[in-house]
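Working notes, beginning with the structure itself.
Derivation of every value follows stated rules applied to the coordinates shown; laboratory data play no part. Since the model is a prediction, treat every value here as computed from it, not as a measurement. Note that we place each Cβ from the backbone using ideal geometry, even for glycine, and neighbour counts take in every protein chain shown.
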Amino acid sequence: MTLTPKEARFLTALAREQNQTGCRGLAHDLLRARAYPGALRTGPGSLAFSYEAVPLTALLLRDFTDLAQIDEFLCRGELTPDPVWPWADADEYRARLEEARRATAVAATPR
């Protein structure tokens, strides 16, 4: 599976927010509003929605060969000040999420 440039930009913003701001920021706000409007804002389970996107954000990291590269990308990379929701609607997001789940499952299967 290949991410579109718009998907990669949004998912980069999401992943960096998770690692640098504790899941706070515009990308998380967009994800909650567009795909998980019923997600809790505080308390137990309030961030569970953001981890649903892990199969998509994992695609950003697939070409890195060591932990230092991943750390540089996620923890030291610049935050995106103006992320844009890249999907037409929640259904398109969920379809891409399912595609990413299948792609990462195939990649993780031992040969």
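Here are the numbers:
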| item | result |
| --- | --- |
| Spin-label pair residue 69/residue 1, simplified geometry with 7 Å Cα→Cβ offset, distance in nm | 2.1 |
| Unit charges at the beta carbon, dipole of segment 38-78: most positive-side option, 60, 40, 77 | 40 |
| Low-density loop positions, trypsin sites (Lys or Arg not before Pro), segment 1-35 - DSSP coil, at most 15 other Cβ in 10 Å | 24 |
| Mean ellipticity per residue at 222 nm, deg cm²/dmol - from DSSP H runs of n ≥ 4 across the chain, formula -39500 (n - 2.57) | -18000 deg cm²/dmol |
| 3J(HN,Hα) from dihedral phi, segment 67-78, Karplus parametrisation 6.51/-1.76/1.60, rounded to Hz, x for glycine, proline | 5, 5, 5, 5, 4, 4, 5, 7, 9, 10, x, 5 |
| At most 10 other Cβ within 10 Å, DSSP loop - GluC sites (Glu not before Pro), segment 12-111 | 78 |
| Cβ-placed point charges (K, R +1; D, E -1), dipole of segment 1-74 about Cα centre in debye, nearest 20 | 380 |
| HN-Hα J in Hz across segment 52-64 - Karplus 6.51, -1.76, 1.60, θ = phi - 60°, x for Gly and Pro | 4, 7, 3, x, 6, 5, 4, 5, 5, 9, 5, 8, 6 |
| Entry for semi-axes √(5λ) of the Cα gyration tensor in Å (calculated from the structure that is shown) out of [x] 21, 18, 14; [y] 41, 13, 10; [z] 38, 19, 12 | [x] |
